[in-house]
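Asks: This is the structure I want to talk about, given as structure tokens.
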Amino acid sequence: MIKLLGVAIVAGLFFAESDQLAIEAAHAKLFSVPELLFTVPTKPTPSACPTNIQCWTDWFDRDNPSGSGDWETLRSLRRENPGKICPEPRDMEVTTLSGLSVSAAGEVIFRNDLTDGFVCRNQDQADRMCNDYRVRFSCPPQYCGLQGTV
Ligand SMILES: [Ca+2]
Ligand SMILES: [Ca+2]
């Protein structure tokens, strides 16, 4: 009788313990699944930034036309604004400081491309100096200025 009781107690303890384990396992399952769901989206590293998204940098105006012309070359702009212009700009926009487009300003332009940047030489104009121009570039978001939304 005492022996049976002992077995019963041991069995009872065993079942109680395995119940407890089962409950803990169930809890672990309940709480771990939503946790997994929430932790899946990880922060993208800077190098993983999508390069298909482009926006405009700040405007750059490094020169005045009072010398030989208005020289907004990419080489000089990069040198004077380190890290502000992406290695491979998708596009370049040029306006006069008053906001006129290059064609509206109607001047003979020496350079206007993504390799050299922009140059207006006074010697190419018939009867005047060049306007003062500014340029900006289409780059990935980390290069974009405050007014850079396209
Ligand atoms: Ca200027
Ligand atoms: Ca300028």
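The values are calculated or read from the model by the stated rules, or taken from the named source; none is laboratory data. Predicted, not measured: the structure shown is a model, and the values here were computed from it. Here the Cβ is made from the backbone with ideal geometry for all residues, glycine too, and neighbour counts use every protein chain on show. With ligands, DNA and RNA removed, areas are computed over all heavy atoms of the protein, side chains included. Shrake-Rupley method; radii C 1.70, N 1.55, O 1.52, S 1.80 Å.
Asks: So what J values fall out for segment 126-142 if you push phi through Karplus, 6.51 cos²θ - 1.76 cosθ + 1.60 with θ = phi - 60°, rounded to Hz, Gly and Pro as x?
Replies: Whole-Hz 3J(HN,Hα) from phi for segment 126-142: 5, 9, 6, 7, 5, 5, 8, 9, 10, 10, 8, 10, 8, 9, x, x, 5.
Asks: How are the C-alpha pair distances of segment 47-143 spread across 5 Å bins, as whole percents from the shortest bin up?
Replies: Values per bin, smallest distances first: 3, 14, 24, 24, 16, 10, 5, 3, 1, 0, 0.
Asks: What's the carbon and sulfur percent of segment 47-143's accessible surface, probe 1.4 angstrom, rounded to a whole number?
Replies: Here carbon and sulfur together make up 47 percent of the probe-accessible area.
Asks: So how far apart, in nm, are the two label points at Asp61 and Arg75 if each is 7 Å from Cα heading toward Cβ?
Replies: Each label point lies 7 Å from its Cα, and together they span 2.5 nm.
Asks: Please get the size of the charge dipole for segment 48-150, origin at its Cα centre, with Cβ charges of +1 on Lys and Arg and -1 on Asp and Glu, quoted in debye to the nearest 20.
Replies: With Lys and Arg at +1 and Asp and Glu at -1, about 280 debye.
Asks: Check Gly69: other-chain or 5+ apart residues with amide H under 5 Å from its amide H, H built from backbone geometry?
Replies: Residues meeting the criterion, in which the H sits 1.01 Å from N, are Asn122.
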